[in-house]
Amino acid sequence: MGRTHSYQKNILREISGSFGRFFAIFAIVALGTGFFAGLVATSPDMLDSVDAYYDKHHMADLQIISTQGLTDNDVRAIEEIDGIAQAAPMYSTDVLMNYPENQTCATRIQSLAQDGEPWLDRVTLL
């Protein structure tokens, strides 16, 4: 019992002798713990927000890209897979656009669904 009491007194003496250093280390640990807890709590919230946004705007969950293109038979085969609610073929290309003042910007152009077809990736003009 005497040794434990002496050890505790020694710890308290060290802390009180350098309280500024102890407080700085304590603050750094508390800040790091709070930052880590915030990151851990944010990830599920961000995933839920993205999922809700994708559902609201009917965005595609998956894209199948082919350099040779897909045929109508390929699209029908994809639609027949269990769990696929809809397959919407589209065209896309990457181009370089020239702007005034000699600026060039890489841009992706994507097609939208034709009239009367159910479509994904709905455009919202803000």
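Structure notes:
- Isotropically averaged projected area of region 1-89, using the convex hull of Cα atoms (one quarter of hull area), nm²: 13.2 nm²
- Here r is the Cβ-Cβ distance between GLU79 and LEU47 and R0 is 22 Å; the resulting FRET efficiency, rounded to 0.05, is 0.25.
- Chain lengthening between TYR99 and ILE28 when straightened (0.36 nm per residue, less Cα-Cα): 20.7 nm
- Couplings 3J(HN,Hα) for region 48-57, derived from phi with the Karplus relation 6.51 cos²θ - 1.76 cosθ + 1.60 (θ = phi - 60°), are 5, 5, 5, 4, 5, 5, 4, 5, 4, 9 Hz, where x marks Gly and Pro.
- Carbon and sulfur %, accessible surface of the chain computed with the full protein complex present, 1.4 Å: 59 percent
The values are calculated or read from the model by the stated rules, or taken from the named source; none is laboratory data. Please read all numbers here as calculations on a predicted model, not as lab measurements. For neighbour counting, all protein chains shown are included, and Cβ atoms are generated from backbone atoms with ideal geometry for every residue, glycine included. Quick note on the areas: whole protein, heavy atoms, side chains included, nothing else; ligands and nucleic acids left out. Shrake-Rupley method; radii C 1.70, N 1.55, O 1.52, S 1.80 Å.
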